[in-house]
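Engineer: Questions regarding the structure given below will be posed in turn.
No value in this document is a laboratory result; all are computed from the given coordinates. Keep in mind that this is a model prediction, so the values were computed, not measured. As a convention, Cβ positions derive from the backbone with ideal geometry for all residues, glycine included, and neighbour counts pool all protein chains shown.
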Amino acid sequence: MRATVLLIACGAQAKYIVALQKRNDWSHIKIQGVPAELHNRPEKIPAAVRATIEEHREQFEHIFVAYADCGTGGLLDQVLAEFNIERLPGAHCYEFFAGETAFAELGEAEPGTYYLTDFLTRHFDRLVKKGLGLDKHPELTTAYFGNYRRIVYLSQTKSDKLETLAEEHAQYLGLEYEHIHTGLGNVEHEIKEHTVRWLN
């Protein structure tokens, strides 16, 4: 089957979405990643997604965006509205991994929560320590994380190695640690809900 749907995904989530594609035999979907480094520069996400849409839209009948708002302050939705394109629901990827209700409960229980996913746990040194300059200026840790009280690791896969890394990251930041396994069920459900109608 020819791919008729372009799914634009954050590079941090593309690996998981590829796994879901294989598991569900979504041969009608082609996945295009956007650089994961934009996690630290959310103001650049709308332009990057726009460029990807404009580059590929003539090749596909439909486009879906596997991003939440991701810190763009509504600017991503403004871009998508121009092209009449839908995205995953929620404010952050943490919300669509955990599910809306569970994520809201986590925030209510402790507003000062910093979230990790598998990707952020694996690339913490590059994206957080180096990305925020903490490796050279550890004194900035308080400025960035002083209002946080805990880290919640929302895991997509079951890995003792990643759980150990996540706990080490919490210790590095001086935060309490909690682990919740989310799997990929919520993301899988949302992609199915938004794209199955486009199956040929």
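Engineer: Can you run phi through the Karplus equation (6.51, -1.76, 1.60; θ = phi - 60°) for the stretch 48-59 and list ³J(HN,Hα) in whole Hz, with x for Gly and Pro?
Structural biologist: 5, 5, 4, 4, 5, 4, 5, 5, 10, 5, 6, 8
Engineer: What ³J(HN,Hα) values, in whole Hz, does the Karplus curve 6.51 cos²θ - 1.76 cosθ + 1.60 give for the stretch 107-122 when θ = phi - 60°, with x put for Gly and Pro?
Structural biologist: So the Karplus estimates, Gly and Pro as x, are x, 5, 5, 7, x, x, 10, 9, 9, 10, 10, 4, 4, 5, 5, 5 Hz.
Engineer: Students often check this: by mean Cβ neighbours within 10 Å, which of 177-188, 88-99 ranks highest, and how do the rest follow?
Structural biologist: Ranking, from highest mean packing down: 88-99, 177-188.
Engineer: In sequence order, what are the phi-derived ³J(HN,Hα) couplings for the stretch 132-138 according to the Karplus relation 6.51 cos²θ - 1.76 cosθ + 1.60 with θ = phi - 60°, rounded to whole Hz, with x for glycine and proline?
Structural biologist: 9, x, 6, 5, 9, 9, x
Engineer: R50: net charge of surrounding residues, Cβ under 14 Å, Lys/Arg +1, Asp/Glu -1, itself excluded?
Structural biologist: Result for the local shell: -2.
Engineer: Next question. Rounded to two decimals, what is the ratio between the C-alpha radius of gyration of the stretch 11-101 and 2.2 N^0.38 Å?
Structural biologist: After normalising by residue count via 2.2 N^0.38 Å, the value is 1.06.
Engineer: Then there is this: For H56 and E163 in the same chain, what is the full-extension length gain: residue separation times 0.36 nm, less their Cα-Cα distance, in nm?
Structural biologist: Using 0.36 nm per residue and subtracting the Cα-Cα distance, I get 34.8 nm.
Engineer: Now a separate question. Under a point spin-label approximation (7 Å from Cα along Cα-to-Cβ), what is the D135-R197 distance to one decimal in nm?
Structural biologist: Each label point is offset 7 Å from its Cα along the Cβ direction, giving 4.6 nm.
Engineer: Return the FRET efficiency for the residue pair D125, E176: r is the Cβ-Cβ distance, R0 is 22 Å, and the value is rounded to the nearest 0.05.
Structural biologist: That pair, D125 with E176, gives E of 0.55.
Engineer: Gap in Å between the Cα centre of the stretch 57-103 and the Cα centre of the stretch 1-41?
Structural biologist: 13
Engineer: Around E105, under 15 Å between beta carbons, what's the net of Lys plus Arg minus Asp minus Glu among the other residues?
Structural biologist: Once all neighbours under 15 Å are counted, the net charge is -4.
Engineer: Divide by every residue of the chain the summed helix terms, -39500 (n - 2.57) for each DSSP H run of at least 4, and state the resulting mean residue ellipticity at 222 nm, rounded to the nearest 500 deg cm²/dmol.
Structural biologist: Mean residue ellipticity at 222 nm (helix-derived): -12500 deg cm²/dmol.
Engineer: Additional query: Taking a spot 7 Å from the Cα of R23 along the direction of its beta carbon, which residues of the stretch 136-161 have an amide N less than 11 Å from it?
Structural biologist: Those under the cut-off are 156-158.
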